[in-house]
Amino acid sequence: MKSPMLADLAALDPARDLRAPGRPDDEALQAILGTARQATPIRRSPRRAVLAGAAAAAVVAVAGVATVWWPSSQTAYASWTSVPAVVTPAETETSAQACGTVAHAVVEGEDGPRVEEVPVVPTVAERRGDYTYLLLTGDGATGECLVTTQASGATDVVTGDAVLGSEPAEPGPREITTVQSGTASWSEGDTGDGALTSAYGRVGADVASVALTRTSGERVQATVSGGWWAVWAPGEASLRTTAELTFTDGATAEVPVGR
């Protein structure tokens, strides 16, 4: 026998007059189970590349960089060449304006976080097939940008990033230093489609050329300009970790490439 208090509490239950769920005489349940089902198709948007830095330092996007749809790597890089073509100063300026010429970073100040801007300028510019690659450098900042030109002549930024960090070490006359080497994480889609491998750094005064080798065995000529070298190739981890240097006197040397 229930106490008066328990009886009063039971009377407050808003579901006290409802049948237990699942009973055969539950008309509402039977109506739901008898309703015809129809699957609704799911529409998926094209995958877009995600811009993200790949460095231990603070990572920032180059101002003006926009994400665009990235097709499969084979389609995207079908025109890629192992030897880069020369880019004219006018073409370099156009590509740089599309990429942006200021790197931003959020830094901690005395009054809290603030945005710091660092100007960057194109130091290396090269074209491989339909793609123009820029290495942008500034005061303690380096950035990469990959652009392609439409048939109409309009320039599209594929992807890019800029990083703020310490000034890279000055190499000896017959040496190179590496600032970045590996798969560019900002180029990868959800399943790695569109991934590319890039490497760049400083170059000594006596180094005339730098060449790397793809994991497939194909030799890739880097671009050397303004005291820097840079190279990129389609695919994830597609470049080996050594480089062949050719010096101004014709001698050669093989050196490791890595951070």
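The values are calculated or read from the model by the stated rules, or taken from the named source; none is laboratory data. Given the structure is predicted, the values throughout are model-derived calculations rather than measurements. In this analysis, Cβ positions are derived from the backbone assuming ideal geometry, glycine residues included, and neighbour counts consider all displayed protein chains. Side chains included, ligands, DNA and RNA excluded: accessible areas come from the protein's heavy atoms. Shrake-Rupley method; radii C 1.70, N 1.55, O 1.52, S 1.80 Å.
Each residue in segment 235-250 was checked for being open to solvent by less than 20 Å² (accessible area, probe 1.4 Å) and free of Cβ contacts under 8 Å to residues at least 12 places away in the same chain, and 0 pass. Which residue is most open to solvent (accessible area, probe 1.4 Å), if the candidates are limited to segment 166-186 and must be small (G, A, S) and at pLDDT 65 or above? Once the filter is applied, the top-ranked residue is S166.
So if I check each of V147, V158, V163, which one is under 27 Å from V121 (Cβ atoms), at pLDDT below 95, in contact with a helix residue (DSSP H, G or I) (Cβ under 7 Å, 6 or more places away or on another chain) and open to solvent by less than 50 Å² (accessible area, probe 1.4 Å)? Talk me through it step by step, then tell me what you get.
Numbers: V158 fails: in contact with a helix residue (DSSP H, G or I) (Cβ under 7 Å, 6 or more places away or on another chain); V163 fails: in contact with a helix residue (DSSP H, G or I) (Cβ under 7 Å, 6 or more places away or on another chain).
Unique residue meeting the criteria: V147.
If you go through segment 95-147 one residue at a time, how many are within 21 Å of S79 (Cα to Cα) and over 18 Å from the mean Cα position of the chain (by Cα)? Going through segment 95-147 one residue at a time, the tally reaches 7. Any residue in segment 105-119 that is open to solvent by less than 50 Å² (accessible area, probe 1.4 Å), assigned to a strand (DSSP E or B) and modelled with pLDDT of 80 or more? Yes, that holds for at least one residue. For W232, the conditions (1) open to solvent by less than 60 Å² (accessible area, probe 1.4 Å); (2) farther than 20 Å from A125 by Cα are fulfilled apart from (2). Restricting the search to strands (runs of 3 or more DSSP E) fully inside segment 215-259 and requiring at least 1 residues that are under 21 Å from A169 (Cβ atoms) and more than 25 Å from the chain's Cα centre (by Cα) gives 239-247, 252-256.
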